[in-house]
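Here is the structure we will look at, set down as structure tokens.
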Amino acid sequence: MHTPLCGHAIGEPIEYAVAAKERGIDLITFTCHIPMEWEAFGQTGIRMQRDQLDQYISLIGETAEAAQSLGVEVLCGIEAEVFPDEAHMEPMDEILAAHSWDFVLGSLHAQCQSYLKWLGDNKVKSDALRIDSYFRHLKDGAQSGRYDSMSHPDVIRTYGVVSDFNPAEHEEVIREFLEAVVEEDICMEVNTSGLTKGAYEVHPDPLILGWAAEMGVKLTIGSDSHQPNAVGRFFNWVQPMLREKGFEDLHYFRGRKRYRVDMPGGDPGAADGDRGAML
Ligand SMILES: [Zn+2]
Ligand SMILES: [Zn+2]
């Protein structure tokens, strides 16, 4: 979940904690977009500036204290970028190293001008090639050692980057990515915001989730909330679906160490009552 520092999220962090409490969630992790130096990653309205990092960290620290009385643990993470050109990763790595984050997400935002330019420069034109290169970059990201969980893993299907996304046609490259997640012993994020973004399907697609379950991928879960009333959105629907796919647990990170919890909700009514690691 995000804070107003990102420029496109609303509500104070404590309101997200209150919403979590109301939904029976007792642990949430903020993951604002990491500052990036190159403007093509979207500076205005998408991410905080580098000189706002300290403000972000103290804001989450204050929220964590205030939320104690609610019985909600609040953790401080960051949504870092995955990008094929390592030159842009250096300043980002400094930020990752400079703070003791609880959790680091790895996202390739294919809709950013930075990635669209990379696709253009490398003449990656067709949908099929774009989807293959997207998952290869995610795989490289998984192998980079930077991230605890790979977020919204098929976000390329949104925002018009490709007109058609059929995971079955890209099974090999997607499984290579999943394999890297398993081998590196990191997690993949199930992100319920996909259910609101035009494609009306969870990230990643249930077909990919089925492969992931079979391959032993570990999951974190997030609603990618940009407003308090989105906290825990669709968890009641997604968690029983994940259980059906064969996932028995979820994970969250504190101090970048992974913790396991049982998959909430054998039945939809109980899904909100258990501990949930919300991003
Ligand atoms: Zn955002
Ligand atoms: Zn994202």
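Any residue at all in the range 123-131 that is in a loop (DSSP other than H, G, I, E, B), surrounded by 19 or more Cβ atoms within 10 Å (Cβ to Cβ) and either modelled with pLDDT of 95 or more or touching a His at 6+ places or on another chain (Cβ under 6 Å) (or both)?
No, because not a single residue in the range 123-131 is in a loop (DSSP other than H, G, I, E, B), surrounded by 19 or more Cβ atoms within 10 Å (Cβ to Cβ) and either modelled with pLDDT of 95 or more or touching a His at 6+ places or on another chain (Cβ under 6 Å) (or both).
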For residues that are of a type in the set (A, V, I, L, M) and not in a helix (DSSP H, G or I), scanning just the range 221-235, find the one that is nearest to ligand 1 (Cβ to nearest atom).
Val231
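In this structure, is Tyr200 assigned to a loop (DSSP other than H, G, I, E, B) and under 18 Å from Asp127 (Cβ atoms)?
Judged against the criteria, Tyr200 is not a match.
Just a yes or no: is a residue in the range 151-159 in contact with a helix residue (DSSP H, G or I) (Cβ under 7 Å, 6 or more places away or on another chain), farther than 19 Å from Leu108 by Cα and not aliphatic (A, V, I, L, M)? Can you show your working first?
In the first step, residues of the range 151-159 are kept if they are in contact with a helix residue (DSSP H, G or I) (Cβ under 7 Å, 6 or more places away or on another chain); the result is 152-154, 156.
So of that shortlist, the ones also farther than 19 Å from Leu108 by Cα come out as none.
Within the range 151-159, not a single residue is in contact with a helix residue (DSSP H, G or I) (Cβ under 7 Å, 6 or more places away or on another chain), farther than 19 Å from Leu108 by Cα and not aliphatic (A, V, I, L, M).
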Would you mind telling me which numbered condition in (1) touching a Phe, Trp or Tyr at 6+ places or on another chain (Cβ under 8 Å); (2) of a type outside the set (Lys, Arg); (3) at pLDDT below 95 Ile174 fails?
(3)
Does the range 185-205 include one or more residues that are within 17 Å of Leu108 (Cα to Cα) and open to solvent by 30 Å² or more (accessible area, probe 1.4 Å)?
yes
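Looking only at the range 47-86, count every residue that is of a type in the set (Val, Ile, Thr), within 21 Å of Gly141 (Cβ to Cβ) and touching a helix residue (DSSP H, G or I) at 6+ places or on another chain (Cβ under 6 Å) and tell me the total.
The number of residues fulfilling the criteria is 1.
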Hey, among Val238, Val182, which residue is away from ligand 2 (no atom under 16 Å from the Cβ), outside any loop (DSSP other than H, G, I, E, B), among the β-branched types (Val, Ile, Thr) and touching a Ser or Thr at 6+ places or on another chain (Cβ under 7 Å)?
Val238
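The values are calculated or read from the model by the stated rules, or taken from the named source; none is laboratory data. Everything numeric in this text was worked out from a predicted model, so none of it was measured. Cβ sites come from the backbone with ideal geometry, for glycine too, and all protein chains shown count toward neighbours. The area values use the complete protein model at the heavy-atom level, side chains included, leaving out ligands, DNA and RNA. Shrake-Rupley method; radii C 1.70, N 1.55, O 1.52, S 1.80 Å.
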